[in-house]
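What follows is a short report on a single structure.
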Amino acid sequence: MCAGAGILACVNQSPDLEDCEQGLRLLFNWVSSAARSDTGAINVSITGNAGDHSITSPPAGRDIELLPGTYDFIAWETATNVTVDGTTVTVSSTDGVADEPQEFTAGTVRDEVLNTDDYQEVTVPMYQQTRDLIIRMSFIGDGAPHISAITGTVDGIALSRDIVYGFPPVDGRTRPVAITAGEIPYTFAVADDGWYTGRRTLLGIDGDDAQVFTVRVGFDGDLYVEHEITLTTDFNGFHTQDVGQPWVISLMMEIGLSLDMEIIDWTSGTDSWLEAE
């Protein structure tokens, strides 16, 4: 191997190009979202039959040299509360509760470095890896004025998954599978319009599992009720539709003095869809 000697110099020393590192340009193509303004260097893992490498690159790309062979290029932006191991992305947890990942992009491509004196390019497609889920609730009925606090959890959420199942998934599937899944907590604050709203940033859903929202509504006098709401079909566009915007689930609930809750209306989709309605 003749690292740094250049292709022509390497050929002069060895007629077999398989012993020569080939010069190529590593580039990135942001498919579904732009690079973060604070991205800095892009992390790149390169694995192949001619060796493994870990490098960093500016978002504009960089020149590298590799021996001929087939390689997997995995690239990702550094993000808070996120680790990347191979093509597996995982959100961290604190005391058993999933943390909130910072938004980031990542991608992977398999490409071949050829035995040639021609300059080559490898482009890694970079996909959005997180999306915000907003849950909004409005309450009517005789029990509504007595609400003191609202919390909840959503189950069936991806805690680790493959990079290719971001936003949108590379293969276009509506409900990509997770490697590990669990629940995430929500807290809700009441806005001036009377809607209780909570917002979390997610890696995605587990397409093999149901998405169940468990809401706990507290009332004056330390009373509370819990209600489970299956929202599985309301997540069918979460990974694929209008992925540059938050996904919003809005629930209208009626609650009486007996504290029984009933859903009387709901919508799911993006902000733009809801505004159009």
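Report, to two decimal places, the Cα Rg of segment 123-185 normalised by 2.2 N^0.38 Å (N = number of residues).
1.62
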Using every alpha carbon pair in segment 92-147, what percent of pairs falls into each 10 Å bin from 0 up to the bin containing the largest distance? 15, 20, 20, 19, 12, 7, 4, 3
5 angstrom amide H check on residue 22, placed H, neighbours 5+ away: 66, 67
Over the heavy atoms of residue 228, what accessible area does a 1.4 Å probe trace out, to the nearest 10 Å²? 140 Å²
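Work out, step by step, the length gained on full extension between residue 174 and residue 223: first 0.36 nm times the residue separation, then minus their alpha carbon distance; give nm to one decimal. Don't skip to the answer; put the middle values down first.
Details: separation 49, 0.36 × 49 = 17.64 nm, distance 3.97 nm.
Length difference between fully extended and current span is 13.7 nm.
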In segment 75-181, the chymotrypsin sites (Phe, Trp or Tyr not before Pro) that sit in a DSSP loop and have at most 16 other Cβ atoms within 10 Å of their own Cβ are 119
Here FRET efficiency (C-beta to C-beta, residue 30 to residue 118, R₀ 30 Å, nearest 0.05) is 0.70
Which value in nm describes the separation of the simple spin-label points at residue 55 and residue 78, placed 7 Å from the Cα toward the beta carbon? 1.9 nm
Using a basic spin-label model with each label point 7 Å from the Cα along Cα→Cβ, how many nm lie between residue 140 and residue 37? 4.1 nm
Over the chain - Rg/Rh using Cα atoms and the Kirkwood inverse-distance radius: 1.14
Tell me what the chain gives for mean residue ellipticity at 222 nm when only DSSP H runs of n ≥ 4 count, each as -39,500 (n - 2.57), the sum divided by the residue total, rounded to 500 deg cm²/dmol. -1000 deg cm²/dmol
Can you list residues whose amide H is under 5 Å from residue 224's amide H, if they're 5+ apart or on another chain and H is modeled 1.01 Å from N? 219
Can you run phi through the Karplus equation (6.51, -1.76, 1.60; θ = phi - 60°) for segment 213-221 and list ³J(HN,Hα) in whole Hz, with x for Gly and Pro? 9, 9, 10, 10, 10, x, 10, 3, x
Segment 46-198: equivalent-ellipsoid semi-axes (sqrt of 5 x gyration tensor eigenvalues, Cα, Å): 44, 14, 13
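The values are calculated or read from the model by the stated rules, or taken from the named source; none is laboratory data. Quick caveat, the model's predicted, so the values are computed rather than measured. All Cβ positions, even for glycine, are placed from backbone atoms using ideal geometry, and neighbour counts span all protein chains on display. In case anyone asks, the SASA skips ligands and DNA or RNA and just uses the protein heavy atoms, side chains included. Shrake-Rupley method; radii C 1.70, N 1.55, O 1.52, S 1.80 Å.
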